[in-house]
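Here the structure is laid out as structure tokens; the discussion comes afterwards.
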């Protein structure tokens, strides 16, 4: 045995970085180097305190909106639309082909549809009794006219860019709303790290998180020397076993056309969504495998 892997729910920052770096190196070798650039918009009150905003990033010609949160006192005044329009304007300035995001049936699908987004894929019972939607909006057409800023004369909040403390504010706001609609999300990190014998630093592995009774696999990579030996299948089987032990409804992940689509399909994953030209000339595929309802 030349390598082994171990399971942990609390990977160190160095271990997570090692898995991500290995995957990014592979992507770069396939002609798609990492070009991620953060994009955030901050919603502040009169005292300058961040009370909400938008968190995302651009890369490979697309913009991804990770979090959007507006506090209850400011809803209905147009701030969510203004945040999205400002993000779209910046994505267009950076030359993005489109914008993608994920939302739940208890969140804001209708809001995004009014802004021109459409559903490209969905997962039922994620969380149980609800649906997770992946939505996109192409930007290779003229931009819509901007909506006037709400409360222009006496603003209750302002929007600025870049803020280190934005993520906790957004997650707290989104979690508070989600708990009232779907119950506790039960978020917990999950990883399987592959080590050479006698070495502490991993050379590959799998990293993701449990969320609303599903396992989301975010990163998965093995170096060339370890492929074709069944180790990748063993990693995925270990992840599936952990998800089943936790009572998960299923597993979902995404992969690119130059990565491992046939590998996942051979393990029983099926495609539920796809984005073309992401990155340009390639496609991004969303896959899932249900662990209940009699599916393998």
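The values are calculated or read from the model by the stated rules, or taken from the named source; none is laboratory data. It should be emphasised that the depicted structure is a prediction, and the values quoted were computed from it without experimental measurement. When we count neighbours, we look across all protein chains shown, and the Cβ atoms used for this are built from the backbone with ideal geometry, even at glycine.
A few points about this structure:
- Residue match in region 221-238 (condition: outside any helix (DSSP H, G or I), over 19 Å from the mean Cα position of the chain (by Cα), at pLDDT below 90 and under 28 Å from residue 95 (Cα atoms)): no
- When residues of region 224-258 are limited to those that are touching a residue at least 40 places away in the same chain (Cβ under 8 Å) and within 27 Å of residue 280 (Cβ to Cβ), the one surrounded by the most Cβ atoms within 10 Å (Cβ to Cβ): 252
- Test set (1) within 21 Å of residue 17 (Cα to Cα); (2) at pLDDT 70 or above; (3) in contact with a strand residue (DSSP E or B) (Cβ under 8 Å, 6 or more places away or on another chain); (4) surrounded by 13 or more Cβ atoms within 10 Å (Cβ to Cβ) - residue 196 fails condition number: (3)
- Residues located in region 95-118, provided they are under 26 Å from residue 186 (Cβ atoms) and free of Cβ contacts under 8 Å to residues at least 60 places away in the same chain: 101, 102, 103, 105, 108, 109, 111, 112
- Qualifying residues in region 1-20 (those that are at pLDDT below 80 and assigned to a loop (DSSP other than H, G, I, E, B)) - the one surrounded by the fewest Cβ atoms within 10 Å (Cβ to Cβ): 1
- Members of region 260-296 found to be under 26 Å from residue 95 (Cα atoms) and touching a helix residue (DSSP H, G or I) at 6+ places or on another chain (Cβ under 8 Å), listed by number: 285
- Cross-chain or 6+ apart pairs with Cβ under 8 Å, region 260-280 first and on the phi > 0 side of the Ramachandran plot and outside any strand (DSSP E or B), then surrounded by fewer than 16 Cβ atoms within 10 Å (Cβ to Cβ) and modelled with pLDDT under 90: 268/295; 268/296
- In region 185-218, the residues that are over 19 Å from the mean Cα position of the chain (by Cα) and not in a strand (DSSP E or B): 196, 197, 198, 199, 200, 201, 202, 203
- Number of the condition not met by residue 189 [criteria: (1) buried (at least 18 other Cβ atoms within 10 Å of the Cβ); (2) in contact with a strand residue (DSSP E or B) (Cβ under 6 Å, 6 or more places away or on another chain); (3) within 18 Å of residue 253 (Cα to Cα)]: (1)
- Of the residues 95, 162, 173, 110, the single one that is at pLDDT 70 or above and on the phi > 0 side of the Ramachandran plot is 95.
- Test: residue in region 212-221 that is loosely packed, with under 15 Cβ neighbours inside 10 Å, assigned by TED's automatic domain parsing to the domain that holds residue 26 and more than 17 Å from residue 16 (Cα to Cα): no
- Residue, farthest from residue 287 (Cα to Cα), within region 85-125, restricted to residues that are part of a loop (DSSP other than H, G, I, E, B) and touching a helix residue (DSSP H, G or I) at 6+ places or on another chain (Cβ under 8 Å): 115
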